[in-house]
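**Q** I'd like to ask some things about the structure below.
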Amino acid sequence: MNNIPEFVPPSVRQVSDVLIFKTIWGIYQHKSFVSGLWLRSFAGTPLFMNCFMRILDTKDYPCFSHALKNIIPCTPGELGLYVGGTEEERIQYALDLEEKSRGTSTAKWNVIKSMAEELKSDYKQLFPSTRGIMINYKYSLKEQGVILGKYNRQFLDNLHK
């Protein structure tokens, strides 16, 4: 007879994602970085968490999961295309967007690719897999936090210049 639903507390990862995404929401205009479409209608909805794209996959680049430079605002559809879509689907999206906007807007997938290359370079520099004589070195959470904190601070300082 007990109709009280079981409360499952959010994981640390979920809480940190919300904090990072809200930080990014405060940094950038509320527009998709890919297309320039406004994202205001997603604020405060369950889709809000789907309005942020990690440029580098967290499976391959785990230490950059909360790097501010690695996360950009986008529409939920663009996130789906980036994560699970094919190159042809992304091109078709860009063409459809350009057609609907009469040439005033398009999807900037090439900018995302160049940002990914820059981020990969930063990742290799900040988190080398070889440290001294140790190969495949695994960074502790404390080490990751110190390195990522400096990286995020540098990114924020550069934004304000």
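**Q** Specify the residue that is surrounded by the fewest Cβ atoms within 10 Å (Cβ to Cβ); the eligible residues are those in the stretch 54-95 that are of a type in the set (D, E, K, R) and closer than 24 Å to Gln14 by Cα.
**A** Selected residue: Lys59.
**Q** Among the residues in the stretch 138-152, are any exposed (fewer than 11 other Cβ atoms within 10 Å of the Cβ), aliphatic (A, V, I, L, M) and more than 15 Å from the chain's Cα centre (by Cα)?
**A** There is at least one residue in the stretch 138-152 that is exposed (fewer than 11 other Cβ atoms within 10 Å of the Cβ), aliphatic (A, V, I, L, M) and more than 15 Å from the chain's Cα centre (by Cα).
Residue-wise test of (1) closer than 21 Å to Pro128 by Cβ; (2) touching a Pro at 6+ places or on another chain (Cβ under 9 Å); (3) not in a loop (DSSP other than H, G, I, E, B).
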residue	(1), (2), (3)
Leu56	yes, no, no
Cys63	yes, no, yes
His66	yes, no, no
Lys69	yes, no, yes
Ile72	no, no, yes
Glu89	no, no, yes
Glu98	no, no, yes
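**Q** Of the residues Ile72, Ile27, Ile91, Ile4, which is modelled with pLDDT of 95 or more and not charged (D, E, K, R)?
**A** None of the others qualify; the one that does is Ile72.
The values are calculated or read from the model by the stated rules, or taken from the named source; none is laboratory data. A quick note: this is a predicted structure, and the numbers were derived from the prediction, not measured. Every residue, glycine among them, receives a Cβ derived from its backbone with ideal geometry; neighbour counts consider all protein chains shown.
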